[in-house]
Amino acid sequence: QSSVLCFMGHLLMENRNGLIVDAELTRASGTAEREAALAMLGRRTKRHRITLGADKAYDVAAFVGELRRRRVTPHIARDDHLTKTGKRRRSAVDGRTTRHPGYAVSQRLRKRIEEAFGWIKTTGGLRKTRHRGLARVGWMFTLRVAAYNLVRLPKLLAAT
């Protein structure tokens, strides 16, 4: 019997040091990524305007509109590919965001999140879960995220 994706892990990373600042585990669905991103942003303290770098899956008008309403600049990869019918898809991220040099920096740095997921799956041993249920798997996911940050800290301290 084939395996079925039941849970999705979501991480919020700060770009300066590559540390994970929030983690959430949800049931897999078509909108779980965007809902988790909004939930994690809601838990952040509002000191100043922030940016959110993400891939093309987040380029949805409702999500970008919600980010703008929360005063978060969407540094989301544009999804304006050519559809099967020959029409170009309209991206929700417009030129007022993409024209700034910070947008290009965010697009380059957003790929660093994959390092954390790779470490959690391989070294952290979460490629195959040993538990069942959202609460137990979520606890193990959070523990792996904390361990990832603890492994990164000595390297960051040595660099300063």
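So what is the relative contact order of the chain, in percent, for Cα pairs below 8 Å that sit 6 or more residues apart?
Once divided by the residue count of the chain, the mean separation gives 20 percent.
What is the local net charge at N17, summed over the other residues whose Cβ is closer than 12 Å to its Cβ (Lys, Arg +1; Asp, Glu -1)?
Result for the neighbourhood of N17: +3.
Per-residue ellipticity at 222 nm for the chain, helices alone: DSSP H runs ≥ 4 residues times -39500 (n - 2.57), over residue total, nearest 500 deg cm²/dmol?
Numbers: 6 runs with 68 residues, N = 160.
That comes out to -13000 deg cm²/dmol.
Extending each Cα 7 Å along its Cβ direction at D80 and F7, get the distance between those two points in nm, one decimal.
Computed distance between label sites D80 and F7 equals 3.9 nm.
If you take every DSSP beta bridge whose two residues both sit in the chain, what share of them, in percent to the nearest 5, is antiparallel?
Rounded to the nearest five, the antiparallel share is 60 percent.
How about K84: which lysines have a C-alpha closer than 25 Å to its C-alpha, ignoring those fewer than 8 places off in the same chain?
K56
Could you tell me how far the Cα centroid of segment 88-118 sits from the Cα centroid of segment 31-53, in Å?
15
For the chain, what is the accessible area per residue in Å² when the probe is 1.4 Å?
66
Could you check how much of the accessible area of segment 7-158 is carbon and sulfur, as a whole percent, using a 1.4 Å probe?
55
Please work out the FRET efficiency for the pair R96 and A147, using the Cβ-Cβ distance as r and a Förster radius of 41 Å; give the result to the nearest 0.05.
Working: r = 40 Å, r/R0 = 0.97.
Efficiency, from the Cβ-Cβ distance: 0.55.
Let me know the charge dipole size of segment 7-158 about its Cα centre in debye, to the nearest 20, where only the beta-carbon of Lys, Arg (+1) and Asp, Glu (-1) is charged.
Its charge dipole is roughly 120 debye.
Taking square-rooted eigenvalues a ≥ b ≥ c of the alpha carbon gyration tensor, is segment 7-158 rounded, prolate or oblate, where a/c under 1.5 means rounded and, failing that, a/b exceeding b/c means prolate?
Details: a/c = 1.86, a/b = 1.43, b/c = 1.30.
Taking the square roots of the gyration eigenvalues as a ≥ b ≥ c, segment 7-158 is prolate.
The values are calculated or read from the model by the stated rules, or taken from the named source; none is laboratory data. Fair warning: this is a prediction, and the values are worked out from it, not measured in the lab. Cβ coordinates were reconstructed from backbone atoms using ideal geometry, including for glycine residues, and neighbour counts include every protein chain displayed. Surface accessibility is based on the protein's heavy atoms, side chains included, excluding ligands, DNA and RNA. Shrake-Rupley method; radii C 1.70, N 1.55, O 1.52, S 1.80 Å.
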